[in-house]
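Below is one structure, written out as structure tokens, with a few remarks after it.
Each reported figure results from applying straightforward, stated rules to the coordinates on display, with no laboratory input. Source: prediction; values computed, not measured. Quick reminder, even Gly has a Cβ in these numbers, built from the backbone with ideal geometry, and neighbours come from all protein chains shown.
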Amino acid sequence: MELKPLYRCVAALDVHQSKLTVCVLYEDEAGETQVELREFGGFKRDRKAMAEWVASFRPQQVVMESTGIY
């Protein structure tokens, strides 16, 4: 059974107290899946940079994981 993707671009955020790890998966023009991975600091300016970077991909879905209370 072959799985078919539901979205062409998604982003996932792993939130820690002092950093954000972000992964964007997207389908390129050739139909291949590409992966971009970046880490950002925990300051407001870093979160803003992260939001702008993620938005530049125009993801159809964004998910977040956080295990602590910040």
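Which percent, to the nearest 5, of DSSP beta bridges fully inside segment 9-65 are antiparallel?
Details: 16 of 21 bridges.
Around 75 percent of the beta bridges assigned by DSSP in segment 9-65 are antiparallel ones.
Placing +1 at every Lys and Arg Cβ and -1 at every Asp and Glu Cβ, with all other atoms neutral, what dipole size does the chain have around its Cα centre, in debye to the nearest 20?
Values: 9 positive and 11 negative charges, 96 e Å.
Roughly 460 debye for the chain.
Taking +1 at the Cβ of each Lys and Arg and -1 at the Cβ of each Asp and Glu, which of Gln34, Met1, Trp53 sits farthest along the dipole of the chain towards its positive end, judged by Cα position relative to the Cα centre?
Going by the charge dipole, the pick is Trp53.
Out of Val22, Val54, Val35, any idea which swings most in a Gaussian network model of the chain, alpha carbons joined below 10 Å?
Val35
For the chain, report the convex hull volume of the alpha-carbon atoms normalised per residue, in Å³, without decimals.
It is 95 Å³ per residue.
For a quick check: sort Phe57, Phe40 by the number of other beta carbons within 10 angstrom, fewest at the front.
Ranked by crowding around the Cβ, least crowded first: Phe57, Phe40.
Multiply the residue gap between Glu29 and Leu3 by 0.36 nm, knock off their C-alpha separation, and tell me the result in nm, one decimal place. Walk me through the numbers on the way to the answer.
On the way: separation 26, 0.36 × 26 = 9.36 nm, distance 1.98 nm.
The span from Glu29 to Leu3 would gain 7.4 nm if fully extended.
Tell me, what is the percent relative contact order of the chain, built from C-alpha pairs under 8 Å that lie six or more residues apart?
The normalised contact order for the chain reaches 39 percent.
Once you mark the GluC sites (Glu not before Pro) that are in a DSSP loop and have at most 15 other Cβ atoms within 10 Å, what is the longest gap between them in the chain?
Excluding the exposed sites themselves, the longest stretch runs over 33-70.
Any idea what angle helix 44-55 forms with the longest principal axis of the chain, computed on alpha-carbon atoms, 0 to 90 degrees, nearest 10?
10 degrees
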